[in-house]
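Reviewing the structure listed below.
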Amino acid sequence: MPLKSEPKIHIVYAHPYPSRSNSTRGLLEVFQLRSDVSIHSLYEMYPDGNIDVAAEQAALLAAPHIVWLAPVYWYNLPGLMKLWIDQVLTRGWAYGAGATALRNKTCWWIATTGGDEGSYSATGMHQRPFSDFIAPVEQTARFCGMDWQPPLIVHGAPGLDPERREAMRAELAHRIAGLLAEQGAP
């Protein structure tokens, strides 16, 4: 693994059962190959739900790009990530009068779903397009003044074959490079 440099990308990673997910773990591995990434695995760091707000806020301040990486649970973020948002993104720091801590930082949601893309349609199992479930996460970032990036959603994650999983990893690496190139970073 390369030597760590100042983080350009900070990953807030929340998977309650990481050993069960080859797809989410594969996405995380793409970031782990980079020297300019910091990763906070919420379920490893805070198994009791006692979040160190000051440490989390300091980590967010240190990097220009924030990634929320998690599987979709009941049409939303996993519980600990939702708790993290509730506790870390506070009024006066992340939003509200005078809050500028996250202003203009990139926010990128990367998520995996159990259902395939077709299940997220008017006629599919979930009877709604997946974009309906993106809106609350997007609005959270926008409310904090963050620069929302189009999310990377990997549908049907449990059933991905090795070729599709590798294509997903390559797409992620490409999008990371594009994001950093836009900002003038290597």
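Please go through the range 42-52 and pick out each residue that is touching a Phe, Trp or Tyr at 6+ places or on another chain (Cβ under 9 Å) and in a loop (DSSP other than H, G, I, E, B).
Taking the range 42-52 first, the residues touching a Phe, Trp or Tyr at 6+ places or on another chain (Cβ under 9 Å) are 42-44, 46, 51-52.
Selection gives Tyr46, Ile51, Asp52.
Output the residue which, of all residues in the range 100-137 that are under 14 Å from the mean Cα position of the chain (by Cα) and modelled with pLDDT under 90, is surrounded by the most Cβ atoms within 10 Å (Cβ to Cβ).
Looking only at the range 100-137, we keep the residues that are under 14 Å from the mean Cα position of the chain (by Cα), and these are 105-113, 134, 136-137.
So of that shortlist, the ones also modelled with pLDDT under 90 come out as 112-113.
Numbers: Thr112: 25, Thr113: 22.
The qualifying residue surrounded by the most Cβ atoms within 10 Å (Cβ to Cβ) is Thr112.
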Check on Ile39, closer than 22 Å to Asp86 by Cβ, open to solvent by 20 Å² or more (accessible area, probe 1.4 Å), touching a helix residue (DSSP H, G or I) at 6+ places or on another chain (Cβ under 9 Å) and not in a helix (DSSP H, G or I):
yes
Could you list, in sequence order, the residues of the range 115-158 that are assigned to a helix (DSSP H, G or I) and aromatic (Phe, Trp, Tyr)?
Phe133, Phe143
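Results for (1) in contact with a strand residue (DSSP E or B) (Cβ under 9 Å, 6 or more places away or on another chain); (2) at pLDDT 95 or above; (3) open to solvent by 60 Å² or more (accessible area, probe 1.4 Å), shown as yes or no for each residue.
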position	(1), (2), (3)
Lys4	yes, no, yes
Val12	yes, yes, no
Pro18	yes, no, no
Gln57	no, yes, no
Arg91	no, yes, yes
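The values are calculated or read from the model by the stated rules, or taken from the named source; none is laboratory data. Note that the structure is predicted; figures quoted are calculated from it, not measured. Counting neighbours? That spans all protein chains shown, and the Cβs are built from the backbone with ideal geometry, glycine included. Keep in mind that these areas ignore ligands, DNA and RNA; they rest on the heavy atoms of the full protein, side chains included. Shrake-Rupley method; radii C 1.70, N 1.55, O 1.52, S 1.80 Å.
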